[in-house]
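Okay, structure first, notes after.
The values are calculated or read from the model by the stated rules, or taken from the named source; none is laboratory data. Just so you know, these numbers come straight off a predicted model, no measurement behind them. We place every Cβ from the backbone using ideal geometry, glycine too, and count neighbours over all the protein chains shown.
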Amino acid sequence: MAKQPHVVTLLLLGVFLSPLLTNLPPVPSSHLSDDNPPSNTGESSNFTVSPSSGWTTGGEEITITGTGFLDMAFQNVTSDGEAYTWTTTTANYVTKSGLSPTVAVDSNGTVHIVHVNWDTDQLWHSTLTGGSWSHDFIANCYGCRHTDMAVDSNDNLHVAYYLKQESTTGYLYYAFYNGTDWATQSLQNNIQNDQVRIALDANDRPHISYSRSGYLCNGAMLKYHDGSSWATQTLDTSSTYVGCDSSIAIDSQGYVHVTYRNHNNMDQMIVSNVSGQWQKYTVDGGSGVGYYSGMAVDHDDNLHILYRTNSAGGQYKYATGYSGTAWSKTASSGSNTYFRMMTDDLGNIHASLYDGSNLRHQMMMPGQSWQPSTVDNAGDVGRYNDIFVDHNNMIHIAYYDSTNEHLKYANKSTGMYLKKEITVDFGAYGLVTGTVVDDSTIVVTTPSAGNVAETVNLSLWGADGTETDLGLEFLFIAPDDLDMDGILNADDDCPNTAGTSTVDRDGCPDADDDGYSDENDAFPNDANEWLDTDGDGVGDNNDEFPNDINEWIDSDGDGVGDNSDEFPDDVTEWMDSDGDGVGDNSDWAPNDANETKDSDGDGVGDNADAFPNDANETKDSDGDGVGDNADAFPNDSSETKDSDGDGIGDNSDPYPFINNDLDSDGDGIPDLQDDFPNDITQWMDSDGDGYGDNATGTAPDAFVNIASQWSDIDGDGYGDNWGNATWTEFRAPSSVGQFVEGAVMADYCPEVAGNSTVAGFFGCVDDDGDGIPNMFEIVDLPSDSDGDGIPDEFDKCPDTPIGTMIDITGCELTINDDGTIDLPEDGFFSGDLAQTVGWGAIILALLTLLQTNAAAAVLPDAFRWVQVFRRNNKLSKEEVDELTYLQSLVQAYFQEPETLHGELRSLKSDLTARFTNNEIKKETREKINVLINDLLTSTDEDLVHIAHNAAYFGLSNTVNASERTELLSERLAMEKTAEEDTFIEEGPSKGMNGQINPADGYEWLEHPEGSGIHYMRAQKSDDWIKWQG
């Protein structure tokens, strides 16, 4: 059993030390006074209290609602007081089921048990749902033992177990259940038939402890999943007897701890990565300890370990501590073994164990001692067991009934639960402990306030000692002053209604607090008024006319009441005779409702004056905004001015400030229409590039409709300017044309008339008229239809199947009855063969045959991979440089053909560019291109041989025609006298498997086995390539 660790607050762990919390948090002394004014409000925007008032005698239950109460609460582990007993049942009656059981409970309360049927060697999954057991087959499992299970946050099951390989060795297996299907996989071979334990980290990643195979274990090991794959960690291999009886735990910080026995020293050990690296520590150095260990980690990250000793009479030990610190150890007598441990949600440590015949359980609360109990004593039970405690604090134990050979299951409630409380502050009336029902509800009983009635502010004191102001008030009501207004019932004119009146009555409501009770106050909500003599609704204190029901205020203080004053806020006005809204005292025409002012003093009122602020204008006949006196066209609303005095208004005159007939250069084109007003030879520029359209004029434009071109020196129809910035470095400063951003129709050869039309290379010589400049023409290589290395024009058998042994004519070789081969070369070397082509071509054809067909397999390396450019004459330095670079390119990428092809094509383009720029010779470019074309069609196997063969690139000493003929003659003579017949070597099939060489990462195969012949797997084709190294 194992489960995912859960985060529990330090507060919860601390209060485990005391079943009941009685101490209250510290309260600041200033809190004992309450200076806030009383209020009857019972709720705020975040919290509410109901009811919001009660008797000063206290003892009434009130409810506070809000949010976040669980985070503030004191939490106490409390027993419900019930006496629970163990319930046991047989979970599976199949004979010999239940061996090595492991148990877990998911979030839905379903009980899962994984166990072994050691009669059928099968792994089974039993589940308890709704009171009924069901059983599902997982996998065949020969000799399986030591199962352990963990359930993750998604209710998936993780199971680790041992599967037998030999008598004491086996495999480490892992099974995963997603709620529907099981999947199993082998993680490790050669492990010891010994305890296997599993734990999950916070990311639900499994960690498995086990022992490496050996006599009494041979190393403490850890297998874990890193999120993408399984990894192995060697923990301790300090001796041949180390790693037995391991257990694993992962603390809340994510550190892994593995405990085990060092049988060599008989010590209980632990290994952890808590220091940042894996280190081992001694838990118990006593002699003969460390058997059947079980381990759990509590909420404080303390580790708890139970283990057996080999002391006579029976003894087991309990150790607690942490990796890298001191350990506390306690020994107890007894025959207890097969320890399984777990920590519940309340921080209690649980252990299931076998005492030699009975299944037992032990529980230890924090800071207390173990509380043992017998789970089942019916026969020999519990030798193999596992324990799980669910979130409802129910204990589940799966175990094996050795007497009846069945799987059994037991459960019992711990009877423990968390009681959550909080301190409610009633101000000066004290602190009371309330019960936190849930995160939004608190129930509390009010304290006694004596006979003093008062409204208090409510607040909460949390477990961390901080105060939360609820923004709520609670009213304490005294019995002898029911309305809580401070006036005893006997003296109170309104004993059931709180009030502050003192003038006309005592203790009655006085909303405005002016001393007059609301009932007798003409203005109950106005503290400044209580009487209205004239009954006009305005209190006498503020009524400027207290005895005039029609008036009560004179806003402007002119002695006329506002109701009669036509200008109540203007002390200088109170009458308007003509009713124009302007008082008579300031009206320019007090009896003319149409006029009130003459701003410009011209005798015309502003309302009738078209220009009220201009004494020179009063009328605008055409309504154009310009007065008639200043308007050149007073009756034409479209014109007001004639700047050039030509009788045409400026608005309709296209050139109001220019002589429309002016022609500066005298070319007959008015300046207004002339693009070149000072040049008699030019007057139009259609494309706007600054060069005139007139071909006979000054600086004429050769391309009148192309703004980026204006000159064509060679007259081939393409402009001298260029828009490709890379051309600039190849154009001399004194050459024709210039760089123009975005230029089109650019002439690549501006000083030579040409007819090339390929995009980007216009205007160069193109003799064959295909659009491509002569300088960029590509020479085609000779065709070879059957790929046997003999060009079709020399191949007598152009359709020879691939792999056929051929002669220099391209036809299949004939094998005689005596095992010899008739070769046309016999006649060639004896002089019988007529020479119809040059010696170089014949030898070239012969050597091409030898390098591309099966015959090459029987010739020495000196005849292989001869390329077409090997000649007797020496290479130029330029050719050597280019060939050397090409060879280095092939050597760098021959194992990555696709990358090599890309590099070769880039080199081909670069050669063309450099040839165009006169950086290399035509012969060099053509020669390198032939090699590039050959390499682009070469197989993966060819590239392996070519890469490190300097002869292919013409970089080693060459052999002339006569020397090659002599060498070939000697080789053919050797072939005729050989004891073994010529054969075609058969390589390994694609389906054969080799071994990965860790040095280079390639797969290698020796074939036939022991032959010394090695092959390498080609990455692209997956074929085997014979190694020639």
- Task: Filter region 794-826 down to the residues that are touching a strand residue (DSSP E or B) at 6+ places or on another chain (Cβ under 8 Å) and acidic (Asp, Glu), then identify the one that is modelled with the lowest pLDDT.
- Result: 822
- Message: I'd like to check something: does region 433-441 contain any residue that is under 16 Å from residue 63 (Cα atoms), touching a residue at least 12 places away in the same chain (Cβ under 8 Å) and crowded, with 18+ Cβ neighbours inside 10 Å?
- Response: yes
- Which one of these is under 23 Å from residue 294 (Cβ atoms), in contact (Cβ under 8 Å) with a residue 24 or more places away in the chain and part of a loop (DSSP other than H, G, I, E, B): 233, 195? 195
- Task: Answer yes or no: is there a residue in region 412-421 that is part of a loop (DSSP other than H, G, I, E, B), under 49 Å from the mean Cα position of the chain (by Cα), surrounded by fewer than 19 Cβ atoms within 10 Å (Cβ to Cβ) and in contact (Cβ under 8 Å) with a residue 60 or more places away in the chain.
- Result: yes
- Which of the residues belonging to region 185-203 are crowded, with 16+ Cβ neighbours inside 10 Å and under 16 Å from residue 150 (Cα atoms)? 195, 196, 197, 198, 199, 200, 201
- Item | Selected residue [assigned by TED's automatic domain parsing to the domain that holds residue 155, surrounded by fewer than 21 Cβ atoms within 10 Å (Cβ to Cβ), modelled with pLDDT of 95 or more and of a type outside the set (Lys, Arg)] from 207, 225 | 225
- When region 262-305 is examined, which residues are found to be closer than 24 Å to residue 365 by Cβ and of a type in the set (Gly, Ala, Ser)? 293, 294, 296
- Query: What are the residues in region 526-567 that are of a type in the set (A, V, I, L, M) and closer than 30 Å to residue 513 by Cβ, if any?
  - Reply: 527, 531, 538, 549, 553
- Query: In this structure, is residue 469 under 30 Å from residue 420 (Cβ atoms), under 60 Å from the mean Cα position of the chain (by Cα) and without any contact (Cβ under 8 Å) to a residue 60 or more places away in the chain?
  - Reply: yes
- Query: Quick one: what pairs do we get from region 713-732, first residue closer than 20 Å to residue 691 by Cβ, second part of a helix (DSSP H, G or I), C-beta under 9 Å, 6+ apart or different chains?
  - Reply: 722/728
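Residues checked against (1) in contact with a Lys or Arg (Cβ under 7 Å, 6 or more places away or on another chain); (2) part of a loop (DSSP other than H, G, I, E, B); (3) β-branched (Val, Ile, Thr); (4) surrounded by 15 or more Cβ atoms within 10 Å (Cβ to Cβ):
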site	(1), (2), (3), (4)
726	no, no, yes, no
750	no, yes, no, yes
768	no, yes, no, no
775	no, no, no, yes
- Item | Subset of region 575-618 (residues that are more than 28 Å from residue 565 (Cβ to Cβ) and either surrounded by 13 or more Cβ atoms within 10 Å (Cβ to Cβ) or under 60 Å from the mean Cα position of the chain (by Cα) (or both)) | 600, 602, 604, 609, 610, 611, 612, 614, 615, 617, 618
- Give the number of residues within region 122-165 that are outside any strand (DSSP E or B), within 16 Å of residue 185 (Cβ to Cβ) and among the polar types (S, T, N, Q). 2
- On the given criteria, is residue 436 outside any loop (DSSP other than H, G, I, E, B), of a type outside the set (Phe, Trp, Tyr) and in contact with a Ser or Thr (Cβ under 6 Å, 6 or more places away or on another chain)? no
- Task: Select the helices (runs of 4 or more DSSP H) contained entirely in region 891-956, then report the ones holding at least 2 residues which are touching a strand residue (DSSP E or B) at 6+ places or on another chain (Cβ under 8 Å) and surrounded by 13 or more Cβ atoms within 10 Å (Cβ to Cβ).
- Result: 940-947
- Task: Given the conditions (1) buried (at least 18 other Cβ atoms within 10 Å of the Cβ); (2) at pLDDT 95 or above; (3) not charged (D, E, K, R), report the number of the one that residue 366 does not fulfil.
- Result: (2)
- Quick one: residue 530 ticks every box in (1) within 30 Å of residue 493 (Cα to Cα); (2) in contact with a Pro (Cβ under 9 Å, 6 or more places away or on another chain); (3) exposed (fewer than 15 other Cβ atoms within 10 Å of the Cβ) bar one, so which box is it? (3)
- Query: What pairs can you find where one residue is in region 88-99 and over 10 Å from residue 399 (Cβ atoms), the other is small (Gly, Ala, Ser), and their Cβ atoms are less than 8 Å apart, with a gap of 6+ or different chains?
  - Reply: 89/410; 92/98; 92/126
- Determine which single condition residue 253 fails, assuming it passes every other condition in (1) farther than 20 Å from residue 277 by Cα; (2) part of a loop (DSSP other than H, G, I, E, B); (3) not hydrophobic (A, V, I, L, M, F, W, C). (1)
- Would region 365-378 turn up any residue that is within 20 Å of residue 152 (Cα to Cα) and in contact (Cβ under 8 Å) with a residue 40 or more places away in the chain? no
- Note on the structure: Of the candidates 73, 83, the one satisfying the condition of being among the aliphatic types (A, V, I, L, M), surrounded by 15 or more Cβ atoms within 10 Å (Cβ to Cβ) and either more than 28 Å from residue 148 (Cβ to Cβ) or assigned by TED's automatic domain parsing to the domain that holds residue 136 (or both) is 73
- residue 203 fails exactly one of (1) in a strand (DSSP E or B); (2) within 29 Å of the chain's Cα centre (by Cα); (3) of a type in the set (S, T, N, Q), namely (1)
- If the Cβ limit is 7 Å and pairs must be 6+ apart or interchain, which residue in region 612-634 that is assigned to a loop (DSSP other than H, G, I, E, B) pairs with which residue that is crowded, with 17+ Cβ neighbours inside 10 Å and among the polar types (S, T, N, Q)? 624/640; 626/640; 631/640; 632/640; 633/640
- Failed item in (1) in contact (Cβ under 8 Å) with a residue 12 or more places away in the chain; (2) more than 30 Å from residue 740 (Cβ to Cβ), with residue 689 passing the rest: (2)
- Can you find even one residue in region 80-94 that is of a type in the set (D, E, K, R) and modelled with pLDDT under 95? yes
- Can we say residue 186 is assigned to a strand (DSSP E or B) and in contact with a Cys (Cβ under 7 Å, 6 or more places away or on another chain)? no
